[in-house]
Amino acid sequence: MHCIGRQTIEQTLSLFGSSVVQYAIFWYLVLRSNSGMVMTGAMVAAALPQAIVSVFGGVWADRWNRKLLVMLPDAVIAAVTICLSASMAVGWGDTGLILVVLVIRSAGGGIQPPAVQSFIPQIARRRGCCASTRLTVRCRRVSIASPAIAAALVNLMPLWMIMLVDVSTAIV
């Protein structure tokens, strides 16, 4: 398969895994706490760091190794997710720990998109395919399917097992 196609599929799969796990965490917190304040805190923890870090992401992508900026946040997010999954499996996953992990995951999610967007034109052979590739990587279908899949998974298995979905897609 052509390099740009493989890279696009890998990024979309990674985005999908991260999105499913994030929504599963939201559903878990809502079902567990039945509190609007907890949900608000989770949404802020998942959105604010990404918004702040992504402001600098483009500059970092221009100055540093783009491949590293794509892979390193995925590795950090996977490592933090494994730690949370393990702690939840043994019963140590409280709301505060989950919120800290959401902050770290969010910050990592703010680094990747600018690096991917600056990386794709370099590996694309034709200029015309770049726009469609960017749209595929930032696919809205992932955003639509993730909450539904996460809700189904939260009802079928424990959260610590669902978190391994993100780890699996990060490995890919």
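The values are calculated or read from the model by the stated rules, or taken from the named source; none is laboratory data. Quick caveat: nothing in here was measured; it's all calculated off a predicted structure. We place every Cβ from the backbone using ideal geometry, glycine too, and count neighbours over all the protein chains shown.
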From the list Ala152, Ala131, exactly one residue is modelled with pLDDT of 55 or more and either surrounded by fewer than 18 Cβ atoms within 10 Å (Cβ to Cβ) or part of a helix (DSSP H, G or I) (or both). Which is it?
Ala152
Starting from the stretch 42-61, keep only residues that are loosely packed, with under 15 Cβ neighbours inside 10 Å, then list their pairs with residues that are modelled with pLDDT under 90 and not hydrophobic (A, V, I, L, M, F, W, C) whose Cβ atoms are within a distance under 6 Å, requiring at least 6 positions of separation or different chains.
Gly58/Pro114
Determine if the stretch 28-40 includes at least one residue that is in contact with an Asp or Glu (Cβ under 7 Å, 6 or more places away or on another chain) and among the β-branched types (Val, Ile, Thr).
no
Just one listed residue, out of Ile77, Ile25, Ile82, is more than 17 Å from Gly110 (Cβ to Cβ), touching a residue at least 12 places away in the same chain (Cβ under 8 Å) and surrounded by 18 or more Cβ atoms within 10 Å (Cβ to Cβ), and it is Ile25
